[in-house]
Structures are given as C-alpha cells and as structure tokens.
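The values are calculated or read from the model by the stated rules, or taken from the named source; none is laboratory data. What you are looking at is a predicted structure, and each value in this text was computed from that prediction instead of being measured. A quick note on method: Cβ atoms are made from the backbone with ideal geometry, for glycine too, and the neighbour counts reach across all protein chains shown. Surface areas here come from the heavy atoms of the whole protein model, side chains and all, with no ligands, DNA or RNA. Shrake-Rupley method; radii C 1.70, N 1.55, O 1.52, S 1.80 Å.
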Amino acid sequence: MSDTAAGLLQVGLLVALLAAVYRPLGGYMARVYTSDKDARIERGTYKLLGVDSKADQTWATYARSVLAFSAVSLIVLYLVQRLQSHLPLSLGLPNVEQGLAFNTAASFVSNTNWQSYSPEATMGHLVQFAGLAVQNFLSAAAGITVAIALIRGFARSKTDRLGNFWVDLTRTVFRVLLPIAVLGTLVLVAMGVVQNLSGGHEVTSLVGQTQHLPGGPVASQEVIKELGTNGGGFYNANSGHPFENPNPLSNLFEIFLLLLIPVSLTRTFGLMVKDKRQGYAILGVMGTLWAAFTFAATLFENQGAGTATQAAGAAMEGKETRFGEWASALFATSTTGTSTGAVNSAHDSFTPLGGGTALFHMMLGEVSPGGTGTGLYGMLVLAVLAVFVAGLMVGRTPEYLKKKITAREMKLVSLYILSTPSLVLAGSAIAMGLAGARASIFNADSPHGFSEVLYAFTSAGNNNGSAFGGLSANTPFFNTTLGLVMLLGRFVPIVIVLALAGSFARQQPVPVNEGTLPTHKALFVAMLVGVVLIVTGLTYFPVLTLGPLAEGL
Amino acid sequence: MSSRLPATFRQFGVATRAIAIFTLALGVIYPLAMTGAAQVLFHDNANGSVIQVDGKDVASDLIGQDYSKDPSLFQTRPSAVDYDAAGSAASQYGPNNKELEDLIAKRRAAVAKLEGVDPSQVPADALTASGSGLDPAISPAYAALQVNRVARERGLDVAKVQQLVKENTQGRTLGFLGEPRVNVVTLNADLAAMN
C-alpha cells in the first residue's frame, strides 16, 4: 500500500471511530445534564459539600463557584509541589521551586498543561497522580460545565438560572470522565503503556551499559491527559515516549480520546437546544477547519522543507520511527485544534510551515474542535459574531437560536475575542523586548527563534500547552508571565461566556420568521468558517509573517 | 454587596471540600485501583515490557538503547539524550538550524563509513534524533543497510541475519497505521541469544 493511501486510511479510521460514538456519547451527555435524578455517589458528594442539587444558580453565582473552585485548586496544587520532599513516593526529588510551582499549578488548573519542567527530574509519582492528574479531571470538567451553562442560556428563557456548577461538575466527573478513563486505562495498558508505582528498573544492556527504565502510574494519567484535552506528559517526551504511546494503535487511540468529548459535545448541544441540525452545523465548521489544517500539516511535513530537513532527506528530526510524518502531523493538528497540547513529536523540529500550521491552528482559539467544553463555547461565541456580521451585510435582525443579539451581547463577544490575542501579542512583544528573555531562545538569531516565543505565548494564552520545546521556559520571567497569561486566558473568557449565558437566558425567544438567518445550513457553515479564519488571520497575520512565514516562504 | 461576600466565602468552603473529595476519588482510589487491575491483567506491559537474555533483564522492548560500542550489533538512531531513559527528550533543532545540518553531514559520513556504502544511501532516520530520544526502532531501509556488517562481524550467513531482521520487522498496524519498522532492541536480543 502506498504511503498516501495508508495515511488517508489512518485519518479515515479516526473519523469513522468518532462518527460511531458521536450519537451515543452526545446523547448520553445530554441526558447527564438534563436529568433531575442524582446517583447515590452524587447524593453523598452533595451532602459532604453542603450543596442542594436542586438549587440552580444565577450566572454570577455560577461564575463565582468556578472561580472559587479553581482558586482553591491552584493553592492546593502549589502546596503539594512545594511540600513534595515530605510526601511519600516522591522518588527522592526535592520540593519544586516557587516560580515553577506557580507556573505548573496555573498550567494544570487552567487546563493548559504547559510544562516548564522535565517531569522525570522534577515530579515524583505522588505529585503526578494525586496532584496533577486530579486537575486533569477537574479542569476538563470545569470547561464542560461552562459550555453546558452557555447551552442552557440558549435553551432556557425568561430565567436568571443556569444550573448548579457543583452538580454539573460532579456529574461530569462521575458519569462522563471517570467511566471512560477506567476503560481507557485498561485499553492503554493492554497496548503496552506502563502502570506501576515503582521508582524504575535497572537493566544492563547487551553492551554492558546500565539503563534506568522509569516507572509510574502512566496509563491512568495518560488517558485523562488526552480525554480531558490536558496534555501534560508523565514523561518529558510526552506522547512521543514509548511508555506513554508505544505503537501506532495506541497513537490512534490517544488522538481519538482527545477529540472524543469536544466532537460529541456538539451533539449534546443540538439535543439540548432541541434542534440537532444546529449541532451538525457547529460540528461541520469544526470538522472543516480540522480537516484543512490536517491536510496542510501533513503536506508540509511530507514535503520536508528546511535546509537541515533536506540534508537528512525527510522531516524525521524529532519524530519517532513508528509514527513517521503522517501519524505525527495528525497528532499535531489534533492536539493544537483541541486544547490538549500533548505531542508525539517535537513541533520545534517540524518544517517551517508544518510547525507554523500547528501555531496558526492554536491561534484560531482552539475551536476545531477545541478543548472539552472550551471548544464548544468558543465556537458558539464565534457563531454569535457570524450571525451579527451576516445581519449587518443583508440587513436581517441578528438572532441565534431564537435569541436576539443586542448591544450587550456584542460587547461581551467583542471582549471575548479580544482577550486572548491581547495576552498573546503583548506577552510575545514584552519577551522579545527583553534581552534576558531572548536568551531563552534555542534556535537563536532566526525567525524560528521568534516562533519559539510566539508559540509559547500562543500556547499559554489559548490554554494549549504544547511547545516549541527549544525555549528554556523554566526562568522566573517565563514562569511568571506564562503563568499569568494561562490564568487570564482561561478565566477571563469563562466569566464573559457565563455573562453571555445569563444574558441569553433572560430573554424571551423570538419567533422564527422569513427575516431569520438559518444557522443550520451549509451557507452558514461556510460563513462561520470564514469568520473564524478572518478574525484570527487579521489578528495574527503580522506576527506570523515575522515567524513561520519568514522562515518558510 | 453585603450579602454577596458571605456567599463568596461559602463557595470557597464548598470548593475546599470538593477538592478533598475529588482528590480522594481521582487522585488516590482511581490510580491505585487502576494500578492493581493493570498489574493483575497485564503484568508484563504494566511493568515496562522488560526482555531477558540468558535470564538477565537487558532492556524494555519499547525503549531503545545505544549499541555504538559494539559493531556486531544493529545500531539505533541518533538520540538527543544518548538513550538515557531517565530523561527523555528531543533535540529541538529547528528545520533550518545550521548546527543540525552539520551534525547530519557528520552522521551521514560516519554511517556510510561503518556500513561501507555510498553516503547517498543512508536513510533519514539514521541521521535524525527521535522525539523521545528513546526510539527502539529504525526503518527497514536502515536495517537492510546494516545486515552485511552485522553478518560479517558475527560470522553469520547474510541470509540468517536477514531472516532475523524479517522476524523483528513490524508492518503498519492493520496494514495502514503508523510506519513499517524494525525493533533494534529485540533484534539484537535475538542475535545475542543465538550465541
């Protein structure tokens, strides 16, 4: 079979697997968030929390709950790292230094999973499984709850209630994430991923060298790292490490996991707003963008541009033999289109335009299909913008899902769209203006070096977590600035989205008439794809010309 | 505001209890239960797929090793960490990096010399470091390049070595997933076990 045919079949199988679970999982999640029954473990949880599961919250209370929960998470995760040496299973590793502990806590609580550190040399098993991996579940769940609250904003009318954050969070953990994680762990171990509590195992090679094989409860963390679109590797090489991702089948399974919830949530959305076609339209936009970026990245990696790449004969620097160009490009596109940030190859060593594709994909705001929850609410905000723009063009009243888009909603949408790019561009500009920060660049004195910095702030601002790994980011400057960018890039949009949800929920639905723009048809899908690309393109084109475009064209 | 402040404090109380409950469920019970299940159901996999030669643990069949000391063995790819499994990493060289270009030129010359072939025959995976620095596999092309040298050094028939290479070659999973490859770690273990 030719390389191209095999590569296309690989992509085809992934799409087929996602299509197979789309309706069951999307429908299941819709029932999870609309059911009024609590499971026994949930009733126990609400009792311990002191929460009345029937008491819905206003958008402001919902937002305060998200923020309080994340603030406590941040403090706890910081302390666990700072106290590492006193904890069991620390493998003799010292306490994590202040700046790095802040950066890592911010990173995992914001669902970014940017890693300034090399896990093997920094984090013991306990910090990983009882600290970091817990946030892999909880930050993913928090993102989903916000998306569900926004869906309720469209689905409900004349109410100031959006649901109860603690109930949505608990149900997401116990009914959605944990069952899939348990199954997924066993699948991964069956494929060869390690799962033990050992500090490692010494072997003596055939040439007499001692090699220390690392241990760890990897599979149970790997599964939620992908499923929750987190991305923080148990090991430094992340999903390129053979113990995290041993073969092409585990690779496909991991890509499947990281796309699973973001894709299926569009079905949940369609069901909850009682118009399945709306969910298909949103999925159509996400799928179109994902397919286009996958095509581009695969093409560029197979072309193998770059002087060093051409000297080698193929773009295999930073790639594993078992994955090659196709499975590496597929992983890169899927991880940057979601907010995952796991990598199975070194993006820094991708061809100029291949790496640029990964960078640009994050800049879309991670809506193709985006992180768990974050992708859906990001795309719905852009859909509101697209309806508004269409309304301006043809003089129709801007309405989306029977809710009017007024000045208040547009102000919130504008704030949302401006917030992340401001952080990314300001952060990159400040870093490039400081000689001390520029010293962290590895591929120095080249457009590629600028791309390393731009990639870092894009990754942090959009809560992705992948990196052009040459950048030495474990410095006080980068730990602090990237940590702040991650927190602001996560929680400013969340508060705006919840405010928007509150605003829509209060409205009375307007009846559909001949002046209403249909938002479930191909025309709207094309329009929304255009809006995503134009908004992002206009924002980032100047910086892209300084980095990947300068290097690649 | 006066009524909101206590409400906010209340949320912090709920949040603290929530973190405690979820840490117990997701950070203690879940990973320990999964470890127990994995150890029972897939003991070898869960512990790193370690392989033995003459009863001694020599490697994991998933983790590459450096065999450059011994020309009678098949060689793995270049590694940014010299196959130190306690610290996986890629080189992070950019696609236009001059240092990488120089390294590739040196590696090409070295491999061509070791195998006694024309430099143009050396495949890309023999010239580049992997993403993990621990890649256990090479391309079938790079393995084929090494067969003559290994056969000569070990005093074996070329056909016998080719047979071993074939046994340690994996095609694409299901015929289309990933890339065809030769596992150098298991191949070398098979060679060593013959003696």
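Quick notes on this structure:
- Sequence ranges A:361-371, A:54-64, ranked by mean other-Cβ count within 10 angstrom, highest first: A:361-371, A:54-64
- Under the Debye formula (equal points on every Cα, no solvent term), log10 I(q)/I(0) of region A:15-94 at q = 0.11 Å⁻¹: -0.61
- Ligands, DNA and RNA left out, the 1.4 Å accessible surface of chain B is 56% carbon and sulfur atoms.
- Angle in degrees between helix A:374-394 and the longest Cα principal axis of chain A, rounded to the nearest 10: 50
- With all protein chains kept in place, the per residue accessible area of region B:4-44 amounts to 53 square angstrom at a probe of 1.4 angstrom.
- Given their separation in residues at 0.36 nm each and the Cα-Cα distance between them, B:Lys56 and B:Asn195 gain 48.6 nm when the chain is fully extended.
- Buried area at the B:A interface is about 7800 square angstrom, summed over both chains, from accessible surfaces computed with a 1.4 angstrom probe.
- Amide hydrogen proximity for B:Ser60: with H placed 1.01 Å from N in the peptide plane, the residues at 5 or more positions away or on another chain lying under 5 Å are B:Ile51.
- Inter-label distance, nm, simple model (7 Å from Cα along the C-beta direction), A:Ala439/A:Ser472: 0.8
- Mean sequence separation of contacting Cα pairs (under 8 Å, at least six apart), scaled by the length of chain A, corresponds to a relative contact order of 20 percent.
- Summarising the label geometry, the points placed 7 Å from Cα in the beta-carbon direction at A:Ala16 and A:Ala522 lie 2.5 nm from one another.
- Rg over Rh for region A:112-213 works out to 1.17, using Cα positions for both radii and the Kirkwood form for Rh.
- Its residue count N sets the reference 2.2 N^0.38 Å, and the alpha-carbon radius of gyration of chain A equals 0.93 times that reference.
- Pairs spanning more than 22 Å between alpha-carbon atoms, out of B:Lys69/B:Lys106; A:Lys274/A:Lys403; A:Lys319/B:Lys69; A:Lys276/A:Lys402: A:Lys319/B:Lys69.
- Rg to Rh, two decimals, where region B:49-194 supplies the alpha carbon set and Rh follows Kirkwood: 0.96
- Acute angle (nearest 10 degrees) that the helix A:447-461 long axis makes with the longest principal axis of chain A, alpha-carbon atoms: 50
- Per residue, region A:366-432 exposes an accessible area of 35 Å² to a 1.4 Å probe, with every protein chain left in place.
- GNM flexibility winner over chain B from B:Leu127, B:Leu177, B:Leu73 (Cα, springs under 10 Å): B:Leu177
- Viscosity 1.002 mPa s, temperature 20 °C, Stokes-Einstein D of region B:1-107 from Kirkwood C-alpha radius, µm²/s: 109
- The distance between label points at B:Ala144 and A:Thr58 comes to 7.3 nm (points 7 Å beyond Cα on the Cα→Cβ vector).
- The mean number of partner chain beta-carbon atoms within 10 angstrom of a residue's beta-carbon across peptide B:63-76 is 3.
- GNM result for chain B, Cα springs below 10 Å: residue of B:Ala25, B:Ala89, B:Ala37 fluctuating most strongly: B:Ala25
- Based on C-alpha pairs under 8 angstrom that are at least 6 apart in sequence, region B:51-195 has a relative contact order of 30 percent.
- Environment charge of A:Pro214, counting only residues whose C-beta is closer than 12 Å and scoring Lys/Arg +1, Asp/Glu -1: -4
- Portion, in percent, of the accessible area of chain A that falls on carbon or sulfur, probe 1.4 Å: 66
- Total formal charge among the other residues, if their Cβ is under 14 angstrom from that of A:Asn302, Lys/Arg +1 and Asp/Glu -1: -3
- At least 20 Å² accessible surface lost relative to isolated chain, residues of region A:297-317 (1.4 Å probe): A:Thr307, A:Ala308, A:Ala311, A:Ala312, A:Met316, A:Glu317
- Comparing the full protein assembly with the isolated chain (1.4 Å probe, heavy atoms, ligands and nucleic acids excluded), the residues of region A:117-138 losing at least 10 square angstrom of accessible area are A:Glu120, A:Phe129, A:Ala130, A:Val134, A:Phe137, A:Leu138.
- Accessible surface, per residue, of region B:49-194 when the full set of protein chains is kept, probe 1.4 Å, Å²: 40
- On the principal axes of its alpha-carbon atoms, region B:4-44 has extents of 56, 8, 8 Å, going from largest to smallest.
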